[in-house]
């Protein structure tokens, strides 16, 4: 009877640089990736530092990796799909090791009017779902929710004042 290990196949096997390049090309073509994600994946293939750096530069020159493109896709996707605010998106992009310039370019994917509209919808839905008689507590809970999703506190409170006066 064969004994199974919990170790994944990629961590048991070392790939040659050409095999790794083929695999990582597929990995990058599937969805936009940050340099940090790709670097970690290449190291999981058992490559050495010099090989990883060489493959990274090759991926960049062949168009598989582009941090600005990643930032735009990430920011737009997180805003549209998960309704994240700018602050949370910035923090997430910083953890991916992106430069400030790339982060700013990524944030340009978020339209200002759509941003305010989504925040207004989130706050309206949250206020409607709260069983709180005290208006102050309801506002506080709704604000905490929106700020936790990464929206700017000043904007949240401004919209909350507008919504609760209507």
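Observations on the structure shown:
- Criterion (part of a helix (DSSP H, G or I) and surrounded by 20 or more Cβ atoms within 10 Å (Cβ to Cβ)) met by exactly one of 76, 106: 106
- From 39, 33, residue being farther than 30 Å from residue 116 by Cβ, part of a loop (DSSP other than H, G, I, E, B) and not assigned by TED's automatic domain parsing to the domain that holds residue 150: 33
- Conditions (1) over 21 Å from residue 30 (Cα atoms); (2) surrounded by fewer than 19 Cβ atoms within 10 Å (Cβ to Cβ); (3) in contact with a helix residue (DSSP H, G or I) (Cβ under 8 Å, 6 or more places away or on another chain): number failed by residue 68: (1)
- Residues of segment 80-91 that turn out to be assigned to a helix (DSSP H, G or I) and in contact with a helix residue (DSSP H, G or I) (Cβ under 7 Å, 6 or more places away or on another chain), as a count: 3
- Taking the conditions (1) under 24 Å from residue 26 (Cβ atoms); (2) in contact (Cβ under 8 Å) with a residue 40 or more places away in the chain in turn, residue 88 satisfies each one other than (1).
- The number of residues in segment 119-146 being within 23 Å of the chain's Cα centre (by Cα) and either free of Cβ contacts under 8 Å to residues at least 60 places away in the same chain or exposed (fewer than 13 other Cβ atoms within 10 Å of the Cβ) (or both) comes to 8.
- Condition met for residue 5 (part of a loop (DSSP other than H, G, I, E, B), more than 18 Å from residue 59 (Cβ to Cβ), modelled with pLDDT under 95 and in contact with a helix residue (DSSP H, G or I) (Cβ under 8 Å, 6 or more places away or on another chain)): yes
The values are calculated or read from the model by the stated rules, or taken from the named source; none is laboratory data. A quick note: this is a predicted structure, and the numbers were derived from the prediction, not measured. Don't worry about glycine lacking a Cβ; one is built from the backbone with ideal geometry, like all the others, and counts go over all protein chains shown.
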